[in-house]
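Okay, structure first, notes after.
The values are calculated or read from the model by the stated rules, or taken from the named source; none is laboratory data. Values in this document were obtained by computation on a predicted structure and should not be read as measured data. Note: ideal-geometry Cβ built from the backbone for every residue, glycine included; neighbour counts use all protein chains shown.
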């Protein structure tokens, strides 16, 4: 799995590429922990190349949500494919984490985000 990292407004975007089906995202969790330790609080994960998350990856994603919220931050998802969005809705993850259809949809200020941007 390749993770590209770049800023977008107040967010640090972590774009996951080269994988259609994601079974392991421990590397993503380690990156998020590192950015949190550096004071970054606004993190967006871009899953635009992925179409499916296995249950282990979903568990790690939920753990990441908790880590970021414990630091009064915001973790959101960008551009999930319809298949992944369906999975997030079926598992109830969409109620825990905001989902946006593009980077341009990301909030531009430090308010905590509620709901879904799609």
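So which of 57, 44 is within 12 Å of the chain's Cα centre (by Cα), buried (at least 17 other Cβ atoms within 10 Å of the Cβ) and at pLDDT 90 or above?
Result of the check over 57, 44: 44.
Quick one: in the stretch 1-18, which of the residues that are loosely packed, with under 15 Cβ neighbours inside 10 Å and part of a loop (DSSP other than H, G, I, E, B) is modelled with the lowest pLDDT?
Among those residues, the one meeting the criterion is 18.
Taking residue 76, is it under 23 Å from residue 9 (Cβ atoms), surrounded by 15 or more Cβ atoms within 10 Å (Cβ to Cβ), modelled with pLDDT of 90 or more and touching a helix residue (DSSP H, G or I) at 6+ places or on another chain (Cβ under 7 Å)? Give the derivation first.
On the way: under 23 Å from residue 9 (Cβ atoms): yes; surrounded by 15 or more Cβ atoms within 10 Å (Cβ to Cβ): yes; modelled with pLDDT of 90 or more: yes; touching a helix residue (DSSP H, G or I) at 6+ places or on another chain (Cβ under 7 Å): no.
Judged against the criteria, residue 76 is not a match.
Please determine, by comparing only the residues of the stretch 81-112 that are buried (at least 16 other Cβ atoms within 10 Å of the Cβ) and at pLDDT below 90, which one is farthest from residue 28 (Cα to Cα).
Looking at the filtered set, the residue picked out is 107.
From the residues in the stretch 20-40 that are out of contact with any strand residue (DSSP E or B) (no Cβ under 7 Å at 6 or more places or on another chain) and surrounded by 17 or more Cβ atoms within 10 Å (Cβ to Cβ), which one is modelled with the highest pLDDT?
Checking each candidate, the answer is 36.
Do the conditions hold for residue 64, that is, is it within 19 Å of residue 2 (Cα to Cα), at pLDDT 90 or above and not in a strand (DSSP E or B)?
Details: within 19 Å of residue 2 (Cα to Cα): yes; at pLDDT 90 or above: yes; not in a strand (DSSP E or B): yes.
It is true that residue 64 is within 19 Å of residue 2 (Cα to Cα), at pLDDT 90 or above and not in a strand (DSSP E or B).
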